[in-house]
Each structure stands twice: as structure tokens, then as C-alpha cells.
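A quick write-up on the structure given underneath.
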Amino acid sequence: MAHYQPPKQGKASQLIDVVVLVILTVGALFVPLWLGMAGAAKTVAAPVTEATWEALGQNAAQAAKYEALGYTPESAHDLILARFDYSFSVTALLTMIAVILLYYFLILRFSEVEYREVISEKFGE
Amino acid sequence: MDLWNWLEYGAWGLSALFGLHMAIDWLKTDSTYSEDVLTSSREGELEAMAEERKGH
Amino acid sequence: MADVDITSQTMDGMGPHGTKVGLLRVLGPAHVWALGVGIVLVGEYMGWNFAVGKGGAYAALIACWFAGILYSCVAMIDSEVTSTVASAGGQYTQAKHIIGPLMAFNVGLYLVFAYTMLEAANAITAGYLFYVVAQMTGHAGDLDQRPFIILVIMFLAWLNYRGVLATLTFNLVITAIAFIAIIVLFLSTSGILGGGIMEHAALFEGHELPYGWIGVLAAMHFGLWYYLGIEGTTQAAEEVRSPARALPFGTLAGIMTLLIAATLTWYVCSGVLPWEFLGDGVNGSVAPLFDTARLSGSTALVWLLGFGTLFATLASANGCINDASRAWFAMGRDKYLPGWFGAVHPKYRTPYRAIVFLVPIALIFALGAPLDQVITFSILSGLLGYTFMPLNIILFRRKWPLETIKRGYEHPFHPIPAITLLTLCAVTFFAVFLGYGTQLVAMIGFYIVVSLWFHFWRYRFVNRGAQFTMPWPKPRGY
């Protein structure tokens, strides 16, 4: 099999390739941020009006630690009561699974095609 | 102006110094050596030599 | 050729003014340990406690151990493959030889992103530390953190630029100090030396599993943070004196160190800090070991853990610069990226263009993005990398069974570690989905786009047969 001869890449073309990669990278991180879809925020579902350590569900030892850290029941209120929301939709879960499987299928498939070419050139036919 | 203000300026200055040193050395290196020498590193050099030695 | 000593430090067949300039073989097993543990240890000083917030203290311990199993599998699999494929680029080069070019390109990007993001996270944390210390010493007004963030990145990049031996010797010293600080904190607060201040039972009362079992699953997301980066030891492969021995040794010693450090960290922090405070890494405990020291009432411990935290962030950022630039360099050398990056400095023998190029990238993320986003980006890239590893080892054993290539280290019980690893990765994907589903999809979307870009455009510049550099026999089934 004839050996594949890659073309020489010019300076300008090299530069363009780098710029494309950087833009894609920065985009992947910042686009979810800009669209406001990023992150899992904690929320306080049931606020307590008269904040005391007991009302916040803290026993004596726990309350003592918070006081040592410089908190009062009022200032610790949000910190103690905020919770994550772990409810999710099955559709979203299935979408994620599909995207991951598609991704691995894609790279394994293309890799295999490229790999066969590498092996046949390296070891000869 | 307390100590921390000076440290802020110090940090800016040192950052510039380190950056400048790298940039100058980089440009000097690129103009002293040819591109072929600089990019002559090849993967698997060690393995290739070990193989060659076995063969002799 | 009989006088060629392949372990020579000064003459590796590529003299500085000869025709070839390569990386310098100067490192020993201790440097490999320092590289691996140095990157990760910062995870015990900050970040792991988000796992407590996700599911409570017990959930964080369960996640710590399951993530420990995940990483033990990673370390064993990695040790076997890398003791055979000893090359800068690490998992990238493994993928190139075992699965194929596109997989290799993806793995190379996982590495660069995981490490560059981690480097940015470390710089942010270091900047925050300076801020806290300024407050504690009575600085009026807010300290500008930016010059300190930039200084950390610039100084460490400069150190990396100047040579790998000094870089990793520096890492060895500061990593050892940070590790000893954890041990000292454990000994002096647990009651082994002097009075103990642990109150696990009282602090856990009523809050054993605040979210139930789904919280345990969710905690796996940040459970990875206890160990993330240990796989980076393989990047040093072209710079260690005897890769087949030093890499498995350094990596396995590293994972053992981390299992100890992670469990001790969980023990002291959860025995002193209430879980709601400990679990909130933004408004609560940013640096949990440091906070534990503060509550111990000992000024010496506060200083020790303060320096421990700073050293851990520096060691980690330092190792990340080292690893990310090796991976970037290796891809440039193969023309997976522009060949310009494949250059080695003739005097310092470092991949200097890759090091310089990644500085502004790290700065963009350190100065422009919030910490938990940066950490999540890093964890996701790492996770994709761990998912690749079981595929890698299964194909490696199938294409080159044990008798066909001599391995420096053979991992036991194959394929159980591979299957375990794959299962734990699936669990972690679900955990990430619970909190950061959008990022996960955005991230994979990114990798799909760059994969298409690589396959249909970039790959034309790559030499086909020549990129397979290992002196191996033809793989089975081809």
C-alpha cells in the first residue's frame, strides 16, 4: 500500500486551527453560563421565622460549633436550611444517556477506520 | 498604603518580570535555532534505541 | 551501538547541538510520586467537601471510598499500559496505539482541559487565600486578588519553562509538607496526642443521610475530587530515568498516600465541622482543613494548615502546568495540533511553546469563570478520560495478550478492575447529571464538534504509519 504523504501546513493555517480550537473551548465553558443554565443552586424550601438553634434542628454540640465559627441562628439560617433539588425528568436523563452513547459510538467508529489505515501502513499488507 | 498594597504592586511587577523573561527567551531561542532542530523530538526514541541495541 | 546507555542523563542520543533535541531523562520515582500526589492533594484542602453538601457526611465518606476504588482501578490499569507505552502524552499516546487516532485526539484534549481547569481553580484558591490572610492581618479594604492569581500562574509557568527537575523537586518538597500537615492535624486533634476534639456522634445526630440514598449517589460527583489527577503521573514518562519501574511504583505509592490522606481528612473535618457548614464550599467552609485547625484553638496548627493549603494549591497548579503542556506538546509533535507546538527548548529541554501557549488560556479561566464551573469542567474532562481507560485496557489485552509484549507491571484480576471502573463511571455520570446536566451535555457537544473537525479536517496533516512508534508486533485481529 502506498504511504500517505501529509501536506505541509503553512503558518497561517496553523494559526487558524489554534484560534478555532480556543474559540470552541471558551464557548463550551461560557455559553451555558451566558444562557443562565449552569449550576445547581441550593434553595431554602421552608424558612423558619423564629430562628433558634432548636428550630434549625441543631443539638447542643452542633450549635456550639456554629457559635465557635462566629454564627448566630439568624446568620446561619440560610446556610443550614438550603437544600439541593434532586428531582429530574426521565426525558432529560434519557437524552443525556443518548448523547453520551452517540459520542462514544462516533469516536470509536471513526477511530477504528483511522486505526486500520495506520496498522496497514505500519505493518504492510 | 499598608504592606498589602505594596504586595499587590510587587505581585504585578513579579508577574510581568516572569512573563517578560519567558517571552524574551522564547524569541531568542526561536531566532537562534532552526525550526528543524527545535521540532526534532520524536516519540518512542527510547524504544527505538532499545530495539536497535537488541539487534546488534 | 553497545555503548548507548538508554538511562543516561546527559547523553540520550540527542545532544543539545546535535540533530535532535528531546526531553531530558532526569526524574526518579519520588518525582513521579510528587507529580501525582502534588496535583491531587489540594483536593483534600478544598473542594472535596462539596460532596458533604451533596449528601451529608456519611455520603461523603461512602463517596470517598467508592471514588477510591475507582481510582485504584485507574492507577492499576494506567500502570500496566504506561509501563509499556512510556511516552510524554501519557493516555493520549496509549489511545493512539491501542484504540485509534480520533480517540487519542479526544483523550489528549481531556487531559489538557482537566489540567488547565484544575490549574485555574488552584490559582483562584491561592488568590482567595491571600485575601483571607490580608483580612486576618488587619488589611483595610478589599485586597485585589488578580495580581496574586496571575503571579501564581506566571511563576509556575516560568519554573516549568526553566526545566523539569527543579520543577518537580520543588513539588516534592511542598507536597511532602502539605501531606505532613494533614497527619499532624489528625494526630493532634483526634486524641492520639493530647486532648481530642472529635465529636462525630453528636455532630451527625439527626443528619445521618439528609438526602437519603440519592444523596450518596450525588456525592460521587465531588467524590472524584479527593483523587482527581493521580493519572497524570504518566505524563512524566519521557523524563523519568527508568519508566517501566518508576511509573508503576510512583503511581501506586501515590494512590495509597491519597487513600490515607482522604480518609484522615474526612475524619478530622467531619468530627469538628457541622455538615451544613462543611458542605458549602462557597459560603461555608472554603478550606475545610484550615477551618478545622482554626477550631482546634492552636495557633501553630492554624499556621501549619494555612501554609499546607497554599503549598497544596501551588503544587497542584505546578503539576498541572507540567502535565497539560506535555499532552499539548505530544499532540503537536504528531501534528494532531499545529506542528509548531512540538518544539523542545534546546537548553532547558522543556516543551516551551506549549507551556507559554497555555498560560493565557489558564488566565482566561482563572480570571473569568466562577470556581464551581471551573471545577465541574475539570471533573467532566477527567471523567471522560476514566471512561476511556477500561475500553483501553480491554482492547490492549485483546490486541496484545500478555505473552506478546513484556509489561513492566501486570495488573491483577483482569477484567474485574475494568468492569468496576466502567460501572463507577456510569454512576458518576448520573451524579453529575443530578447537579450539572446542562454542562455535561454542553461539554459532550463540544467534544462531538471537535471530533468532527479533527476527523474531516485536521487529520490530513498527520502521518499515518509513522505515528505508531512502539516496537510492538502487529495487533491481533488486523
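Laboratory data are not the source of any read-out in this text; all were calculated from the coordinates shown. Small disclaimer: the values here were computed from a predicted structure and weren't measured. Quick reminder, even Gly has a Cβ in these numbers, built from the backbone with ideal geometry, and neighbours come from all protein chains shown.
Projecting the Cα atoms of C:Leu367, C:Phe66, C:Met470 onto the charge dipole of chain C, computed from C-beta unit charges around the Cα centre, puts C:Met470 farthest toward the positive end.
Hydrodynamic radius of the stretch C:199-308 by the Kirkwood approach over all distinct alpha-carbon pairs: 16.4 Å.
Computed about the Cα centre, the dipole magnitude for the protein assembly as shown is approximately 2060 debye when only Lys and Arg (+1) and Asp and Glu (-1) carry charge, each at its Cβ.
Across all Cα atoms of the stretch C:32-467, the radius of gyration (one decimal) and Dmax (whole number) stand at 21.0, 69 Å. Note on C:Val85, C:Val359, C:Val173: ascending count of other Cβ atoms within 10 Å places them as C:Val173, C:Val359, C:Val85, the fewest first. Projecting the Cα positions of C:Thr263, C:Thr387, C:Ala88 onto the charge dipole of the stretch C:32-467 (unit charges on Cβ atoms of Lys, Arg, Asp and Glu, taken about the Cα centre) puts C:Ala88 furthest along the positive direction.
Taking the number of Cβ atoms within 10 Å of each Cβ as an exposure proxy, the fewest-first ranking of C:Cys320, C:Cys425, C:Cys73 is C:Cys425, C:Cys73, C:Cys320.
Computed from phi, the 3J(HN,Hα) profile of the stretch A:21-33 under the Karplus parametrisation 6.51, -1.76, 1.60 (θ = phi - 60°) reads 4, 5, 4, 4, 5, 4, x, 4, 7, 8, 4, x, 5 Hz, with x in place of Gly and Pro.
Based on Cα contacts under 8 Å between residues 6+ apart, chain A shows a relative contact order of 33 percent. Using θ = phi - 60° in the Karplus curve 6.51 cos²θ - 1.76 cosθ + 1.60, the 3J(HN,Hα) couplings for the stretch C:234-244 round to 5, 5, 7, 4, 7, 10, 8, 5, 9, x, 4 Hz; x is entered for Gly and Pro. When shorter helices are ignored and each DSSP H run of at least 4 residues is given -39500 (n - 2.57), the per-residue value for chain C at 222 nm works out to -22500 deg cm²/dmol. For the residue pairs A:Lys42/A:Lys65; A:Lys11/C:Lys406; A:Lys11/C:Lys399; B:Lys28/C:Lys96; A:Lys8/C:Lys96, alpha carbon separations beyond 30 Å are given by A:Lys11/C:Lys406; A:Lys11/C:Lys399; B:Lys28/C:Lys96. Applied to the stretch C:40-53, the Karplus parametrisation 6.51 cos²θ - 1.76 cosθ + 1.60 on θ = phi - 60° returns per-residue 3J(HN,Hα) values of 8, 4, 4, x, 7, 7, 7, x, 4, 5, 4, 5, 5, x Hz, with x for Gly and Pro. Per residue, chain A reaches -21000 deg cm²/dmol at 222 nm when only DSSP H runs of four or more residues are counted, each adding -39500 (n - 2.57). Close amide H pairs (under 5 Å, H built 1.01 Å from N) link C:Leu27 with C:Val240, C:Arg241, residues at least 5 positions away or on another chain. Longest stretch of chain C clear of exposed loop sites (GluC sites (Glu not before Pro), DSSP loop, at most 12 other Cβ atoms within 10 Å, sites excluded): C:1-207.
Exposure proxy check: A:Ser75, C:Ser316, C:Ser188 ranked by fewest other beta carbons within 10 Å?
Ordered by Cβ neighbours within 10 Å, fewest first: A:Ser75, C:Ser188, C:Ser316.
Under 5 Å between amide hydrogens, built in the peptide plane, is the criterion, and for A:Arg83 it picks out A:Thr43, A:Val44, A:Ala45 among residues at least 5 positions away or on other chains.
State the answer as a single residue: which of C:Gly206, C:Ala104, A:Gly124 lies farthest towards the positive end of the charge dipole of the protein assembly as shown, with beta carbon charges of +1 for Lys and Arg and -1 for Asp and Glu, about the Cα centre. After comparing all options, I get A:Gly124. About the centre of its Cα atoms, chain C shows a dipole size close to 1960 debye [charges on the beta carbon of Lys, Arg (+1) and Asp, Glu (-1) only; nearest 20 debye]. For a straight C-alpha distance cut-off of 13 angstrom, the aspartates and glutamates reachable from C:Lys54 (same-chain residues fewer than eight places away being disregarded) are A:Asp85, C:Glu208, C:Glu276, C:Asp280.
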